[in-house]
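Asks: Take this structure, written in structure tokens, and hold onto it; I'll ask about it next.
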Amino acid sequence: MELKENWLKQGYVDESISNIDNLEESFAKLKKEKNAVLMAHFYQDDLIQDIADFVGDSLALAQFAAKTDADIIMVAGVHFMGETAKILSPKKTVLVPDLNAGCSLADSCPPDEFEKFINQYPDHKVVTYVNTSAEIKALSDIVVTSTNAKAIVDSFPADEKLIFGPDRNLGNYINGITGREMILWDGACHVHEKFSLEKILELKKENPDAEILTHPECKKPLLMVSDHVGSTASLLNYSQSSSSNKFIVATEAGILHQMQLKSPDKVFIPAPPNDSTCACNECEFMRLNTMQKIYNALKYSWPTVEVEEDVRVKAVKPIERMLDISAKLKL
């Protein structure tokens, strides 16, 4: 099939789906015909989460991608998640709905600059967050997610010198709870950096019975006033097990859908960003994915995610180390 010029220019297929009576049924039929699976991150739109074969955080998505026997993996998330799936499953076709769905955190760590940075510390092991490009992973000794970062850092000998990148907030948090002094790359996520501590404290005054749940990519002052700090999956699990019935949630607002599904009788309030026009905080890249783009991507088998083989061979090792440790620790 020859790709249309406008698709290539835009980075996604924009064919109309207005003639499809039942999009969900048609998509399910197409998946079956092509032996495809749809995996979606917690930060996706509610409908995309509802039709996905698997919904999870970055660690869970990587684990799912490594085990699935599907011929095609559709990744409803951002580009680095598609790259991770392709690195782990090089013989499978990996699709993303929109090639423009990048990541501000991954973009904050250019490979050439990061390589120069780590070369300044030749006696340090390199630990990188999964929210990075394949090229960054290829420069790493091990990859982590917010779910397993503490456990993996703890797995190194106490005197091991470490570099952590790219998220300075997560790195600072891990340093604080492990007693490490990792050298940190100065990167950040635009979503988690934007939360307003003042507005969250105002919400807490208005809802004194609410617990504050916060992702460790947020700034330290917010972490200090939180009742629970953890990965997206950790926040979800905590909201189910806590005796509290009300929560202020400081991470991308997409997770509230799963929280509400798991605990329908509880109240979840999205933490507001500094922008006074917004009541919640959404990732502009995650929200580029739509049902139209997802259906068309599977129908036309494009956009595909490709990783150069020399990069993939280097990048797969630190990812597999992460998965091995996570499996041993039952994470």
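The values are calculated or read from the model by the stated rules, or taken from the named source; none is laboratory data. This structure is a prediction, so every number in the text was calculated from the model and none was measured. Don't worry about glycine lacking a Cβ; one is built from the backbone with ideal geometry, like all the others, and counts go over all protein chains shown. Ligands, DNA and RNA are excluded from the accessible area calculation, which covers all protein heavy atoms including side chains. Shrake-Rupley method; radii C 1.70, N 1.55, O 1.52, S 1.80 Å.
Asks: Residue-wise, which Karplus ³J(HN,Hα) couplings in Hz belong to segment 53-67, taking 6.51 cos²θ - 1.76 cosθ + 1.60, θ = phi - 60°, and x for glycine or proline?
Replies: Along segment 53-67, the couplings run 6, 8, 10, x, 8, 4, 5, 4, 5, 5, 5, 5, 4, 6, 10 Hz.
Asks: Whole number in Å², please: accessible area per residue of the chain, 1.4 Å probe, ligands, DNA and RNA not counted.
Replies: On the way: 14940 Å² over 331 residues.
That works out to 45 Å² for each residue.
Asks: GluC sites (Glu not before Pro) within segment 286-325: which are DSSP loop residues with at most 10 other Cβ atoms inside 10 Å?
Replies: On the way: sites: 306, 308, 309, 320; in loops: 306, 308.
Within segment 286-325, no GluC sites (Glu not before Pro) qualify (loop, at most 10 other Cβ atoms within 10 Å).
Asks: Okay, next question. For the chain, give me the percentage of DSSP beta bridges that are antiparallel, rounded to the nearest 5 percent. Present the calculation step by step, with values, prior to reporting the outcome.
Replies: Details: 2 of 33 bridges.
So the antiparallel bridges amount to about 5 percent of the total.
Asks: Identify the trypsin sites (Lys or Arg not before Pro) of segment 1-107 meeting these criteria: DSSP loop state and at most 14 other C-beta atoms within 10 Å of the C-beta. Walk me through the numbers before you get to the answer.
Replies: Values: sites: 4, 9, 29, 31, 32, 34, 67, 86, 91, 92; in loops: 4, 91, 92.
Here the sparse-neighbourhood loop sites are 4, 91.
Asks: I need to check one value: relative contact order of segment 120-217, counting alpha carbon pairs closer than 8 Å and at least 6 residues apart, in percent. Could you put the intermediate results ahead of the total?
Replies: Details: 115 pairs, mean separation 23.4, N = 98.
Result for segment 120-217 is 24 percent.
Asks: Moving to a separate point now. Pairwise over distinct Cα atoms, reciprocal of the mean inverse distance: report the Kirkwood radius of segment 1-51 in Å, one decimal place. If you can, show how the numbers build up before the last one.
Replies: Details: mean 1/r = 0.0757 Å⁻¹.
Value: 13.2 Å, from the Cα pair sum.
Asks: Which aspartates and glutamates, on any chain, are close to residue 4 with Cα under 20 Å apart, when same-chain ones fewer than 8 places away are left out?
Replies: Within reach: 14, 15, 98, 306.
Asks: If you place +1 on the Cβ of every Lys and Arg and -1 on the Cβ of every Asp and Glu, how big does the dipole about the Cα centre of the chain come out, in debye to the nearest 20? Show your work: numbers first, answer last.
Replies: Working: 35 positive and 49 negative charges, 138 e Å.
That gives the chain a dipole magnitude of about 660 debye.
Asks: Something else now. Taking only C-alpha pairs under 8 Å that are 6+ residues apart, what is the relative contact order of the chain in percent? Intermediate values should be presented prior to the final figure.
Replies: Values: 624 pairs, mean separation 74.5, N = 331.
Answer for the chain is 23 percent.
Asks: Hey, what number do you get for the chain at 222 nm if only DSSP H runs of n ≥ 4 count, each worth -39500 (n - 2.57), divided across all residues, to the nearest 500? Could the numbers behind the result be given before it?
Replies: Working: 17 runs with 146 residues, N = 331.
Helix-only estimate at 222 nm: -12000 deg cm²/dmol.
Asks: Just to confirm a number: summing +1 for Lys and Arg and -1 for Asp and Glu over residues other than residue 204 whose beta-carbon lies under 15 angstrom from that of residue 204, what do you get?
Replies: The answer is -3.
Asks: For Kirkwood radius over Cα pairs in Å, one of [x] 19.3; [y] 20.0; [z] 20.5 was computed from the structure I shared and the rest are decoys. Which label?
Replies: Correct label is [z].
Asks: Of all accessible surface on segment 1-106 at a 1.4 Å probe, what whole percent is carbon and sulfur?
Replies: On the way: 2180 of 4780 Å².
After summing per-atom areas, the C and S share lands at 46 percent.
Asks: Return the long-range amide H neighbours of residue 267 (sequence gap of 5 or more, or a different chain), with a cut-off of under 5 Å between placed amide H atoms.
Replies: Here 246, 247 satisfy the definition.
Asks: Can I ask one more? Based on Cβ point charges of +1 for Lys and Arg and -1 for Asp and Glu, what charge dipole magnitude is obtained for segment 1-69 about its Cα centre, in debye rounded to the nearest 20? Intermediate values should be presented prior to the final figure.
Replies: Values: 7 positive and 14 negative charges, 62 e Å.
Roughly 300 debye, rounded to the nearest 20.
Asks: So if I take the centroid of the Cα atoms in segment 225-278 and the same for segment 1-29, what is the distance between those two points in Å?
Replies: First find each Cα centre; the distance between them is then 34 Å.
Asks: Sequence neighbours fewer than 8 away in the same chain don't count; with that in mind, list the aspartates and glutamates whose C-alpha is under 17 Å from residue 199.
Replies: Partners within reach: 209, 211, 227, 252, 275, 282.
Asks: So which lysines pass the test for residue 150, namely a Cα distance under 23 Å, with those fewer than 8 places away in the same chain ruled out?
Replies: Answer for residue 150, where 23 Å is the Cα cut-off: 125, 137, 161, 219, 220, 317, 328, 330, listed by chain and number.
Asks: Here is a follow-up. Residue 156: accessible area at probe 1.4 Å, nearest 10 Å²?
Replies: Approximately 40 Å² for this residue.
Asks: In debye, nearest 20, what is the charge dipole magnitude of segment 1-156 about its Cα centre with +1 on Lys and Arg Cβ and -1 on Asp and Glu Cβ, if you could check? Don't skip to the end; give the middle numbers.
Replies: Numbers: 14 positive and 25 negative charges, 104 e Å.
Magnitude of the dipole: close to 500 debye.
Asks: Let me ask another. Please list 3J(HN,Hα) in residue order for segment 315-331, calculated via the Karplus relation 6.51 cos²θ - 1.76 cosθ + 1.60 where θ = phi - 60°; whole Hz, with x for glycine and proline.
Replies: Couplings: 6, 5, 5, x, 5, 5, 4, 4, 5, 5, 5, 4, 5, 5, 8, 6, 8 Hz.
Asks: Quote the relative contact order of segment 132-283 in percent (integer), defining contacts as alpha-carbon pairs under 8 Å separated by 6+ residues. Could you put the intermediate results ahead of the total?
Replies: Details: 238 pairs, mean separation 30.4, N = 152.
The value is 20 percent.
Asks: Would you grab the residues whose amide H sits under 5 Å from the one on residue 144? Only those 5+ places off in sequence or on another chain, please, with H modelled 1.01 Å from N.
Replies: So residue 144 has HN proximity to 128, 129, 130.
Asks: Keeping the other protein chains in place, figure out the carbon and sulfur percent of the accessible area of segment 142-203, with a 1.4 Å probe.
Replies: Working: 1240 of 2460 Å².
Accessible surface attributable to carbon and sulfur in segment 142-203 totals 50 percent.
Asks: Another one. List the trypsin sites (Lys or Arg not before Pro) within segment 259-331 that DSSP assigns to loop and that have no more than 12 neighbouring Cβ atoms inside 10 Å.
Replies: Numbers: sites: 262, 266, 287, 293, 299, 312, 314, 321, 328, 330; in loops: 266, 330.
Passing sites in segment 259-331 are 330.
Asks: List, in order, the whole-Hz ³J(HN,Hα) value for each residue of segment 170-176 obtained from phi through the Karplus relation with A = 6.51, B = -1.76, C = 1.60 and θ = phi - 60°; use x for Gly and Pro.
Replies: So the J values, rounded to whole Hz, are 5, x, 4, 4, 5, 4, x.
Asks: Once amide H atoms are placed 1.01 Å from N in the peptide plane, what residues at a sequence separation of 5 or more from residue 68, or on another chain, have their amide H within under 5 Å of its amide H?
Replies: none
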